[in-house]
Amino acid sequence: MRPLPLLLLILAAAASALARAPPRFPVPHARPRRGVVGAEEAVRGYDYEMRYFRQRLDHFSFLEEEGEEGDGFFQQRYLVGRGGGWAGAGGPIFFYCGNEGDIAWFAANSGLVWEAATRFAALVVFAEANLSSHLAPVSVFFLGGALIVRDPIPFTCSLQHRYYGESMPFGSKDKAYNNSKSLAYLTAEQALADYAVLLTDLKKNLSSEGSPVVLFGGSYGGMLAAWMRLKYPHIAVGALASSAPILQFEDVVPSTIFYDLVSNDFKRESLSCFQTIKDSWKALDAQGNGQDGLLKLSKTFHLCKTIKNTGELSDWLSSAYSYLAMVDYPMPADFMMPLPGNPIKELCTKIDNQPDGTSILERIYAGVNVYYNYTGTVDCFDLNDDPHGMDGWDWQACTEMVMPMSYSEDSMFPADKFNYTSYEKDCINSFGVEPRPQWITTEFGGHNISLVLERFGSNIIFFNGLLDPWSGGGVLKNISESVVAIIAPLGAHHIDLRPASKDGPDWLVRLRESELGIISGWLSDYYGARRGALLQRAAPIPWTLLHHS
């Protein structure tokens with residue numbers, strides 16, 4: 001049996017359990033290698049094509065840099081999905097802003113976009129192929145086994161974020177990640193410019209310059225969707241920004257908010273479970289500092305190799321708790337790991353119901369198995385295995401995506417303050433660059449966000465589930481009539497974007513209908529009387545109903 005891969009946290013783990021690094025956004029990771037699903041299998045059930053787009057390496061310079069093709073360009077992947085009831089040229093384009101990972105994974109877990117395609121007469125796109133110079137203004141697709149040749153058609157489109165998946169400048173990941181010079185083009189600004197260029201070129205080639213674009217995104221992709229609507233209002237008519245912590249920078253929100261919310265999720269399920277986890281860190285350090293302590297810890301937690309310090313194991317455990325809080329969905333899910341519905345409740349049941357005499361650390365091991373080994377197929381765990389190679393986020397976190405995080409006395413983690421000096425030192429050692437913690441709020445805003453969005457923003461939906469610890473950095477109140485916040489008290493990380501499920505709660509069905517109703521309104525306003533029969537405004541669910549389960 002192959003060992004279980006683990007997604008490493010943003011910065012290298014320190015030797016102390018107190019030096020835990022901030023968590024990443026959810027990405028596909030930590031699966032038994034034999035169970036890793038390929039890109040095509042990940043989006044099974046959806047009709048799609050893979051394509052590549054010839055993208056400029058640097059949108060903000062007129063100097064030619066050496067890209068994959070040697071002329072300042074590289075091949076960027078995107079997925080193109082197909083739905084029924086196409087509207088034809090001029091129909092809407094739904095564009096999913098790619099995340100910090102393989103686009104196929106996010107396509108598979110963004111069912112709302114696919115499911116809305118029929119309602120809005122859209123063709124779903126999550127694709128890859130050089131469309132820039134080779135796509136004629138007539139499209140050929142297979143539908144139900146028949147060859148369909150049609151006039152230009154509307155798209156629901158998603159582009160791979162540069163430096164992730166197969167969208168690698170310089171021809172390979174090794175070259176793209178070689179040093180700070182080659183990584184310099186990995187920024188949110190360049191990614192948004194990628195999206196704007198692709199959409200402009202796509203619409204031109206399809207003779208659909210009049211097509212309205214609606215942006216979708218979850219997590220980091222949700223941040224990009226909101227920022228793109230603000231930066232490129234002429235490109236997109238609106239954005240659904242799901243679980244987008246656009247305020248998780250500088251001192252806009254308390255640095256303790258993330259881990260306080262993680263802790264609250266566990267306390268909500270079981271106070272004794274919360275306390276056991278809170279007490280476990282001292283027990284872990286005590287055993288690790290004893291004779292043969294690291295060996296004993298490695299055996300207790302069924303690790304493949306003996307750890308070198310307790311910090312490695314502390315980060316591993318902290319990572320599990322954080323991700324469980326993010327994906328504490330009420331129904332079974334396989335987004336990051338195969339998990340049951342209400343996985344925190346399942347973990348706490350394991351911790352609380354161990355036989356009398358079971359040690360704290362043995363209880364903790366029984367609990368985290370819900371996250372790392374719910375299927376029971378893993379024999380041992382490798383804390384240093386990252387098969388999906390998410391190093392790109394490490395770079396982003398060390399440059400512009402600096403999210404200060406601390407641990408309060410009230411959390412279930414050891415109290416600790418964010419140390420920027422240490423953070424900066426780690427980034428210099430890792431990449432030879434100094435972080436710019438104020439750049440994101442300078443570029444996209446964040447301070448006085450309500451006033452800014454009220455004056456300059458429009459047509460943005462901010463969704464947040466309050467079980468999601470990233471909601472602490474999200475927009476949680478309506479800003480104006482067209483910049484609205486939809487809150488789900490029992491929702492987790494971008495649960496609204498996930499595929500519809502027969503096990504899903506009624507409140508989620510109502511919430512999704514409300515989001516689509518608002519989007520329908522944007523499109524109706526855009527088309528006016530010209531397309532009223534196609535895009536009738538759906539009645540949004542009253543906001544008060546969304547606050548009850």
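The values are calculated or read from the model by the stated rules, or taken from the named source; none is laboratory data. Worth saying up front: this structure is predicted, and the values here are computed from it rather than measured. Neighbour counts run over all protein chains shown; Cβ positions are idealised from the backbone, glycine included. Quick note on the areas: whole protein, heavy atoms, side chains included, nothing else; ligands and nucleic acids left out. Shrake-Rupley method; radii C 1.70, N 1.55, O 1.52, S 1.80 Å.
When the chain is fully extended, how far beyond the present Cα-Cα distance does residue 510 get from residue 478, taking 0.36 nm per residue of separation?
Stretched out fully, the residue 510 to residue 478 stretch lengthens by 9.7 nm.
Between 294, 375, 307, whose Cα lies farthest towards the positive end of the dipole of region 256-398 when Lys and Arg beta carbons carry +1 and Asp and Glu beta carbons carry -1, centred on the Cα centre?
Ranked along the dipole, the leading option is 294.
Using the Karplus curve 6.51 cos²θ - 1.76 cosθ + 1.60 with θ = phi - 60°, work out ³J(HN,Hα) for each residue of region 292-299 in order, rounded to whole Hz, and write x for Gly and Pro.
Result, ordered by residue: 6, x, 5, 5, 5, 4, 4, 6 Hz.
Could you give the nm distance between label points at residue 61 and residue 501, where each point is 7 Å from its Cα heading toward the beta carbon?
The modelled label-to-label distance comes out at 4.6 nm.
If you stretched the chain out fully between residue 119 and residue 356, how much longer would it get, using 0.36 nm times the residue separation minus the C-alpha to C-alpha distance?
Working: separation 237, 0.36 × 237 = 85.32 nm, distance 5.58 nm.
Separation in residues times 0.36 nm, less the Cα-Cα distance, equals 79.7 nm.
Near the amide H of residue 73, under 5 Å away, which other amide H atoms are found, from residues 5 or more places off or on another chain, if H is placed in the peptide plane?
For residue 73, the qualifying residues are 57, 67, 68.
At q = 0.12 Å⁻¹, what log₁₀ I(q)/I(0) does region 154-302 have when each alpha carbon counts as one equal point scatterer in the Debye sum?
Relative scattering, expressed as log10 I(q)/I(0), comes to -0.79.
Within region 256-398, count lysine pairs with alpha carbon atoms under 17 angstrom apart where the residues are 8 or more positions apart or belong to different chains.
So the count works out to 9.
Give a residue-ordered list of calculated ³J(HN,Hα) values for region 191-196 (Karplus: 6.51 cos²θ - 1.76 cosθ + 1.60, θ = phi - 60°; whole Hz; x for Gly, Pro).
5, 5, 5, 4, 4, 5
To check my understanding: the extent here is largest minus smallest coordinate of the Cα atoms along each principal axis. What are those three numbers for region 391-471, in Å, largest first?
Taking max minus min along each principal axis of the Cα atoms, region 391-471 gives 42, 33, 23 Å.
Grab the beta carbon distance between residue 308 and residue 272, set R0 = 30 Å, and tell me the FRET efficiency rounded to 0.05. Each step should come with its number before you reach the end.
On the way: r = 32 Å, r/R0 = 1.07.
The pair residue 308/residue 272 has a calculated efficiency of 0.40.
Among the lysines, which have Cα under 21 Å from the Cα of residue 203 when same-chain residues fewer than 8 positions away are ignored?
Within the straight-line limit of under 21 Å, residue 203 reaches these lysines: 231.
Counting only other residues whose beta carbon sits under 15 Å from that of residue 442, what net charge do I get with K and R as +1, D and E as -1?
-3
For residue 420, what accessible area in Å² do you get when you roll a 1.4 Å probe over the heavy atoms of the protein chains, rounding to the nearest 10?
Its heavy atoms expose roughly 70 Å² to the probe.
Report the relative contact order of region 256-398, percent, no decimals, based on alpha-carbon pairs under 8 angstrom and at least 6 residues apart. Mind dumping the intermediate values first?
Working: 137 pairs, mean separation 37.8, N = 143.
Computed value for region 256-398: 26 percent relative contact order.
Nearest 20 debye, what's the magnitude of the dipole of region 256-398 about its Cα centre given +1 on Lys and Arg Cβ and -1 on Asp and Glu Cβ? Show your work: numbers first, answer last.
Values: 11 positive and 20 negative charges, 82 e Å.
It comes to approximately 400 debye.
Given the protein chains as shown and a 1.4 Å probe, how many square angstrom of residue 59 are accessible, to the nearest 10?
About 50 Å², ignoring ligands and nucleic acids.
Once amide H atoms are built 1.01 Å from N in the peptide plane, which residues 5 or more positions from residue 307, or in another chain, come under 5 Å H to H?
Excluding prolines and chain starts, which carry no amide H, the hits are 298.
At 1.4 Å probe size, with every protein chain present, just tell me what the per residue accessible area of region 256-398 comes to in Å². Provide the component values of the computation, followed by the final result.
Numbers: 5460 Å² over 143 residues.
That works out to 38 Å² per residue.
In whole percent, how big is the carbon plus sulfur part of the accessible area of region 256-398, probe 1.4 Å, protein atoms only? If you can, show how the numbers build up before the last one.
Values: 2530 of 5460 Å².
In region 256-398, the share of accessible area belonging to carbon and sulfur is 46 percent.
How much space per residue, in cubic angstrom, does the convex hull of the C-alpha atoms of region 269-324 take up?
Working: hull volume 4.7 nm³, N = 56.
Given the Cα convex hull of region 269-324, per-residue volume reads 84 Å³.
Give me log10 I(q)/I(0) at q = 0.11, 0.12, 0.14, 0.22 Å⁻¹ for region 256-398, Debye formula, one equal scatterer per alpha-carbon, no solvent.
The Debye formula, applied to the Cα set alone, gives -0.42, -0.51, -0.70, -1.57.
Whose amide H sits under 5 Å from the amide H of residue 460, counting only residues 5 or more places off or on another chain, with H placed in the peptide plane?
Amide H to amide H, under 5 Å and 5 or more residues apart or across chains, residue 460 pairs with 239, 483, 484.
Roughly how far apart, in whole Å, are the Cα centres of region 321-381 and region 469-500?
Their Cα centres are 26 Å away from one another.
Determine the sum of side-chain charges near residue 265: Lys and Arg each +1, Asp and Glu each -1, restricted to other residues whose C-beta is under 12 angstrom from that of residue 265. All intermediate terms of the calculation are to be shown ahead of the outcome.
Working: positive: 267, 268, 345; negative: 260, 269, 328, 468.
Once all neighbours under 12 Å are counted, the net charge is -1.
With θ taken as phi - 60° and the coefficients 6.51, -1.76 and 1.60, list the Karplus ³J(HN,Hα) couplings across region 206-219 in order, rounded to whole Hz; mark glycine and proline as x.
Residue by residue, region 206-219 yields 9, 6, 10, 4, x, 6, x, 10, 10, 8, 10, x, x, 6 Hz.
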